[in-house]
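Take a look at the structure below.
The values are calculated or read from the model by the stated rules, or taken from the named source; none is laboratory data. Predicted model only: the values in this text are computed from it and were never measured. We place every Cβ from the backbone using ideal geometry, glycine too, and count neighbours over all the protein chains shown. The accessibility values were calculated without ligands, DNA or RNA, using every heavy atom of the protein model including side chains. Shrake-Rupley method; radii C 1.70, N 1.55, O 1.52, S 1.80 Å.
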Amino acid sequence: VIMSSTTPLTDGATIPNVVFKCRVRDESIGGENPFTWKDVSSADLFAGKRSVVFSLPGAFTPLCSSRHLPGYEAAYDEMKSLGVDDVYCLSVNDAFVMRQWGLHQGLEEEKTDASNPLNPGNFKKVKLLGDGACEFTRGMGMSCTWTTERGFGERSWRYAMVINDMRIEKMYIEPGFEQNSGPDPGTVSMAENVLAYLKSCK
């Protein structure tokens, strides 16, 4: 088990290579829920690619649903045009919850194309990545346990990053990171800041 680092990883660090337990569409199963399990590693997603990842405390939560995910979904095409291979939303939730949140948010499901390891069965634009066992989040040094505040248990602090071939090119960590934090700021990790950085690189 990858335990939380004492401090969050920052620019230039190598991201943790863990296995995500994902659900992908398999029409051969038939029925109303034709999905099966698939192990997808960090390297499968990020090696040899330039990617944007934003991480948040929980699916269906207010700020995550009203600004964080919609902002990146709206900016997806522009980010792709600025040299990004794909954009991922990570949360310490299981694959079932992440899928239902995406559908609830109105994201368009990718039902056929398998060019991304999370598809078919994830989404066409921003891909939702469940870190249910918290291994990636701990490896990033971003594990935050909420007890008296919100009762979430162990989740991820809110942050965003640009990854270039498994290394952090640029990191955006929300201020005030502490365990059981009262405030849940949504400032630096929002899509507009990452978009501004990507534009500055051109």
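For every residue, the table says whether it meets (1) among the β-branched types (Val, Ile, Thr); (2) outside any loop (DSSP other than H, G, I, E, B).
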| site | (1), (2) |
| --- | --- |
| Gly83 | no, no |
| Trp101 | no, yes |
| Leu107 | no, no |
| Asp113 | no, no |
| Leu128 | no, yes |
| Val162 | yes, yes |
| Phe177 | no, no |
| Asn180 | no, no |
| Pro183 | no, no |
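Across the stretch 156-202, what is the total count of residues that are open to solvent by 40 Å² or more (accessible area, probe 1.4 Å), among the hydrophobic types (A, V, I, L, M, F, W, C) and modelled with pLDDT of 95 or more? Summing the residues that are open to solvent by 40 Å² or more (accessible area, probe 1.4 Å), among the hydrophobic types (A, V, I, L, M, F, W, C) and modelled with pLDDT of 95 or more in the stretch 156-202 gives 4. Any residue at all in the stretch 132-149 that is modelled with pLDDT of 95 or more, within 18 Å of Pro62 (Cβ to Cβ) and assigned to a loop (DSSP other than H, G, I, E, B)? No - not one qualifying residue is present in the stretch 132-149. If you go through the stretch 64-81 and keep only what is among the aliphatic types (A, V, I, L, M) and either surrounded by 20 or more Cβ atoms within 10 Å (Cβ to Cβ) or assigned to a loop (DSSP other than H, G, I, E, B) (or both), you end up with Leu69, Ala75, Met79. Of all the criteria given as (1) in contact with a Phe, Trp or Tyr (Cβ under 9 Å, 6 or more places away or on another chain); (2) open to solvent by less than 60 Å² (accessible area, probe 1.4 Å); (3) under 20 Å from Ala75 (Cβ atoms), the one not satisfied by Thr145 is (3). Could you go through the stretch 129-142 and let me know if any residue there is of a type in the set (Ser, Thr, Tyr) and either open to solvent by less than 10 Å² (accessible area, probe 1.4 Å) or closer than 30 Å to Thr36 by Cα (or both). Scanning the stretch 129-142, I find at least one residue that is of a type in the set (Ser, Thr, Tyr) and either open to solvent by less than 10 Å² (accessible area, probe 1.4 Å) or closer than 30 Å to Thr36 by Cα (or both), so the answer is yes.
Note on the stretch 32-53: residues that are modelled with pLDDT of 95 or more and either part of a loop (DSSP other than H, G, I, E, B) or hydroxyl-bearing (Ser, Thr, Tyr) (or both) total 8. Of everything in the stretch 54-84 that's at pLDDT 95 or above and among the hydroxyl-bearing types (Ser, Thr, Tyr), which residue is farthest from Phe136 (Cα to Cα)? Looking at the filtered set, the residue picked out is Ser81.
Restricting the stretch 46-74 to residues that are touching a residue at least 60 places away in the same chain (Cβ under 8 Å) and among the hydroxyl-bearing types (Ser, Thr, Tyr), the residue that is nearest to Asp11 (Cα to Cα) is Ser51.
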